1. Would you mind computing, in nm to one decimal, how far apart the modelled labels at L83 and W133 are, each placed 7 Å from Cα along Cα→Cβ?
2. In deg cm²/dmol, rounded to 500, what helix-only [θ] at 222 nm does the chain give when every DSSP H run of at least 4 residues adds -39500 (n - 2.57) and the total is split over its residues?
3. For Cα pairs less than 8 Å apart in space and 6+ apart in sequence, what is the mean separation divided by the residue count of the chain, i.e. the relative contact order in percent?
4. Carbon and sulfur together cover what percent of the accessible area of the range 87-188 at a 1.4 Å probe radius?
5. Expressed as a whole number of Å, what is the distance separating the alpha-carbon centroids of the range 91-165 and the range 33-57?
6. Kindly point out which whole DSSP H helices in the chain project their C-alpha atoms 27 angstrom or further along the helix axis while averaging a Kyte-Doolittle hydropathy of -1.0 or above.
7. Could you give the spread of the C-alpha atoms of the chain along their three principal axes, from largest to smallest, in whole angstroms?
8. When every alpha-carbon pair in the range 85-161 is counted, what percent end up more than 14 Å apart?
Amino acid sequence: MCIRDSAGTAVTAALFGYVNSVQLMDNAALDRLRFWTVGSLASANGGIVARIAPFILVGVVLALALARPLNAVALGDDTARALGANLTRTRVLAMVTVTLLCGAATAACGPIVFVGLMVPHVVRAITGPDMRWTLPYAAVLAPVLLLGTDIVGRVVARPSELQVGIVTAVIGGPVFIYLVRRRKMAHL
């Protein structure tokens, strides 16, 4: 082991100890950490929604505007160029769009897993591959899934609450495995 690795390990251990001491001494910090580790709708309020609304609005407008170029890119680079799509612009705008939408959602509710993995696959099974249909349906189905899992988390763990991130992981894991296995079986 070289000296750099040892120094990195020592710094990591020291910072980990500091973070653990803050968590153990400050209950509010521990609650915030749990929120950011799992994700929950419980702390979202009107103020947070107002702060993230511009990012969501710009992200939704960009996503809908990119539907047609993304359809062309899905056909392959050469075909997309032949159809007049600017590949670099489309990819950069798609990355900006994903960053805006995911960043705003994570800022509001924390990292809630499997919604972004499950919903597009389910929507694509319903609508087909056309992004002009997939994006709007996903924009409707994702919040429906999120609210449904939030309700399940509130009912199952009554009188307390099971965070929505845990419920989406418990439901989303098996669904995603099923979707992946189904896709592999279709290729055989």
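The values are calculated or read from the model by the stated rules, or taken from the named source; none is laboratory data. Here the structure is a predicted model, which is why all the values come from computation and not from measurement. All Cβ positions, even for glycine, are placed from backbone atoms using ideal geometry, and neighbour counts span all protein chains on display. Only protein heavy atoms, including side chains, enter the accessible area calculation; ligands, DNA and RNA are left aside. Shrake-Rupley method; radii C 1.70, N 1.55, O 1.52, S 1.80 Å.
1. So the two model labels end up 1.5 nm from each other.
2. Values: 9 runs with 155 residues, N = 188.
Result for the chain, helices only: -27500 deg cm²/dmol.
3. Answer for the chain is 24 percent.
4. Numbers: 4640 of 6370 Å².
C and S atoms contribute 73 percent here.
5. Here the answer is 14 Å between Cα centres.
6. Details: long enough: 3-25 (33 Å, 0.72); 46-65 (28 Å, 2.22); 87-109 (33 Å, 1.34); 131-156 (37 Å, 1.22); 164-187 (34 Å, 0.88).
Qualifying helices: 3-25, 46-65, 87-109, 131-156, 164-187.
7. Here the spans come out as 60, 52, 43 Å, largest first.
8. Working: 2085 of 2926 pairs.
The calculated P(r) of the range 85-161 puts 71 percent of pairs beyond 14 Å.
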